[in-house]
Amino acid sequence: MIIISACLLGIKCRYDGESRFDKELLSLIPDAIFIPLCPEQLGGLPTPRSPATINNGSGPDVINGHTKVINSIGDDVTEHFLRGAEEVKMIAQLMKIDTAVMKEKSPSCGVNFIKQGDVLTSGMGVTSALLYSVGIKLISSEKVAEDYVRYYHNRKRH
Ligand code: SF4
């Protein structure tokens, strides 16, 4: 089983009420059982919702309490982001899942990049950072082929 950002499976959980269904991505991991989760919804945020950005930092800074997540109308949604990340981590640990395919560029799910407004910066989203901190292997939605081979196929050989 592999956790996946729910929007990648076609679930309309994005801030704008849409999905980011990625058929090609799924074809790269044909034999997986995916568990779709949306940390922002699990954290109690509605859909649609105002888009949010991490204020001067990335996921680890939010987890460490060094910065906050603020939405486009100025509300502090840090607690929702942290709660959603904890829920995803708890589900992963309960189900003994050690791999997650995460939607790149999201302030929750980004693996290598997050969007801060219109600017793309290096760094992990809040949920990806928490999953990474407990040893869960992260596969970027934009690097599935490389990351999947690196983690999953290597693991199968051992
Ligand atoms: S929080 Fe993650 S799963 Fe939810 S819509 Fe954003 S990128 Fe997709």
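Tabulated results
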quantity: Of Asp76, Asp16, Asp118, the one that fluctuates the most in a GNM where the chain has Cα springs shorter than 10 Å; calculated: Asp118
quantity: Segment 1-62: trypsin sites (Lys or Arg not before Pro) in DSSP coil with no more than 16 other Cβ atoms inside 10 Å; calculated: Lys12
quantity: Computed accessible area, Met90, all protein chains, 1.4 angstrom probe, square angstrom; calculated: 90
quantity: Under 11 Å, Cβ to Cβ, from Leu9 - net charge with Lys/Arg +1 and Asp/Glu -1; calculated: +3
quantity: Under-17-angstrom lysine pairs by C-alpha in segment 1-104, whenever the two are 8 or more apart or on separate chains; calculated: 4
quantity: Helix-only [θ]222 nm of the chain, DSSP H runs n ≥ 4, -39500 (n - 2.57) each, per residue, nearest 500; calculated: -8000 deg cm²/dmol
quantity: Translational D in µm²/s for segment 30-122 (Stokes-Einstein at 20 °C, 1.002 mPa s, Kirkwood Rh from C-alpha pairs); calculated: 155
quantity: Segment 1-109: chymotrypsin sites (Phe, Trp or Tyr not before Pro) in DSSP coil with no more than 14 other Cβ atoms inside 10 Å; calculated: Phe21
quantity: Relative contact order computed over the chain (Cα-Cα under 8 Å; 6+ residues apart), in percent; calculated: 22
quantity: Cα gyration tensor shape for segment 70-158, rounded if a/c is under 1.5, else prolate or oblate; calculated: oblate
quantity: Net charge of Cβ neighbours under 12 Å - reference Thr67; Lys, Arg +1; Asp, Glu -1; calculated: -1
quantity: Per residue accessible area of segment 2-157, 1.4 Å probe, in Å²; calculated: 50
quantity: Tilt relative to the chain, helix 78-94 - C-alpha long axis, 0 to 90 degrees, to 10; calculated: 20
quantity: Chain lengthening between Asp76 and Glu18 when straightened (0.36 nm per residue, less Cα-Cα); calculated: 18.6 nm
quantity: Inter-site label distance for Ser122 and Arg83 at 7 Å from Cα along Cβ, in nm; calculated: 3.4
quantity: Among Pro39, Pro48, Pro30: highest mean-square fluctuation, GNM of the chain, C-alpha pairs under 10 Å; calculated: Pro30
quantity: Largest-first principal axis extents, alpha carbons of segment 2-157, Å; calculated: 48, 30, 29
quantity: Accessible surface of the chain [probe 1.4 Å, protein heavy atoms]: carbon and sulfur percent; calculated: 53
quantity: Kirkwood Rh, Cα atoms: Rg over Rh of segment 1-80; calculated: 1.04
quantity: Cα centre as origin, Lys/Arg/Asp/Glu Cβ charges: segment 16-99 dipole, Debye; calculated: 100
quantity: DSSP beta bridge pairing in the chain, given as percent antiparallel to the nearest 5; calculated: 40
quantity: Solitary cysteines of the chain, where the nearest other Cys Cβ is not under 4.7 Å; calculated: Cys7, Cys109
quantity: Gaussian network model of the chain, springs between alpha carbon atoms under 10 Å - residue of Leu130, Leu25, Leu37 with greatest fluctuation; calculated: Leu25
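The values are calculated or read from the model by the stated rules, or taken from the named source; none is laboratory data. Being a predicted model, the structure only gives us computed values, none of them experimental. So basically every Cβ, Gly included, is an ideal-geometry build from the backbone, and we count neighbours across all protein chains shown. Only protein heavy atoms, including side chains, enter the accessible area calculation; ligands, DNA and RNA are left aside. Shrake-Rupley method; radii C 1.70, N 1.55, O 1.52, S 1.80 Å.
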